[in-house]
Each structure stands twice: as C-alpha cells, then as structure tokens.
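S.K.: For reference, the structure I am asking about is given below.
The values are calculated or read from the model by the stated rules, or taken from the named source; none is laboratory data. Here the structure is a predicted model, which means the values were calculated and not measured. Here Cβ is always computed from backbone atoms with ideal geometry, including for glycine, and neighbour counts include all displayed protein chains.
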Amino acid sequence: MTLLGYVRGKDLSRDHHFYRRDINGVRAHKVHVCSSGHWQIARMLRFRDLLREDPTLRARYQELKLYLEATNQHGIGEYLALKAPFIDAIMGPKPEQH
C-alpha cells in the first residue's frame, strides 16, 4: 500500500485496517482492509450494493460524506462516528463483534 502512496491510519477494530491516499493535500482515496472472515466485510459489501442500486440513497450518502470531510477536525474516529447513524439506519444495528 505504501508503494501506491497510501498511509496507514488507525486500526478501526481488530483486524480492520484503514489506509488513505492524499493528492495535493486532499484526501482522495480511503481503503479498508479486513482479515478474511471479518464481520464487517459482508456489511460493507451489502451497503455498497445498496448504494449502487439506489441513486437517491447514493446522493444522500455522498452529501453527508462531503460535509463530514469538510468539517472533520478530529480524524477518522470522528468521521466514522458521525456517519455511523446514517449507515445504521439503512443497515440495522451492527452485529456483535467477535
């Protein structure tokens, strides 16, 4: 990932890593890397599929993410915490973590 210009951020949970890539000082890419079998994989893919299928949902999520990115002052933890209610409203509560 480093060779591709990504910087490793904080681990988001056990076996769930976060990488970012900035272009000209602006975060352009975010990548989540999970160990095989991690509980978040199916949830993230299901959410991705919903966004692909529903242009209205996709536009609402994009608006939220752009707002959070523009106003974030405390890093990825704050960003994730503030977008979680939107995702949880669509996906339901998160399963118990192992």
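S.K.: Quick one: Leu50 ticks every box in (1) in contact with a Pro (Cβ under 8 Å, 6 or more places away or on another chain); (2) modelled with pLDDT of 95 or more; (3) not aromatic (Phe, Trp, Tyr) bar one, so which box is it?
M.R.: All conditions are met except number (1).
S.K.: For the stretch 56-71, how many residues are modelled with pLDDT of 90 or more and either within 13 Å of Arg27 (Cα to Cα) or touching a helix residue (DSSP H, G or I) at 6+ places or on another chain (Cβ under 7 Å) (or both)?
M.R.: Looking only at that region, the number is 8.
S.K.: Let me ask another. Which of (1) modelled with pLDDT under 90; (2) out of contact with any Gly (no Cβ under 6 Å at 6 or more places or on another chain); (3) not aliphatic (A, V, I, L, M) does Phe18 not meet, given it meets every other one?
M.R.: Just one mismatch for Phe18, condition (2).
S.K.: Contact list please: Cβ distance under 9 Å, first residue in the stretch 5-26 and among the polar types (S, T, N, Q), second residue at pLDDT 90 or above, pairs at least six apart or on different chains.
M.R.: So the pair list comes out as Ser13/Cys34; Ser13/His38.
S.K.: Tell me the residue from Glu63, Glu53, Glu69, Glu78 that is in contact (Cβ under 8 Å) with a residue 40 or more places away in the chain and either in contact with a His (Cβ under 6 Å, 6 or more places away or on another chain) or surrounded by fewer than 14 Cβ atoms within 10 Å (Cβ to Cβ) (or both), please.
M.R.: None of the others qualify; the one that does is Glu69.
The rows are residues; the columns are (1) loosely packed, with under 14 Cβ neighbours inside 10 Å; (2) part of a helix (DSSP H, G or I).
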| residue | (1), (2) |
| --- | --- |
| Lys10 | yes, no |
| His17 | no, no |
| Arg20 | no, no |
| Val31 | no, no |
| Gln40 | no, yes |
| Arg43 | no, yes |
| Arg48 | yes, yes |
| Lys83 | no, yes |
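S.K.: So, in the stretch 63-81, how many residues would count as being closer than 16 Å to Ser13 by Cβ and not in a helix (DSSP H, G or I)?
M.R.: Residues in the stretch 63-81 being closer than 16 Å to Ser13 by Cβ and not in a helix (DSSP H, G or I): 1 in total.
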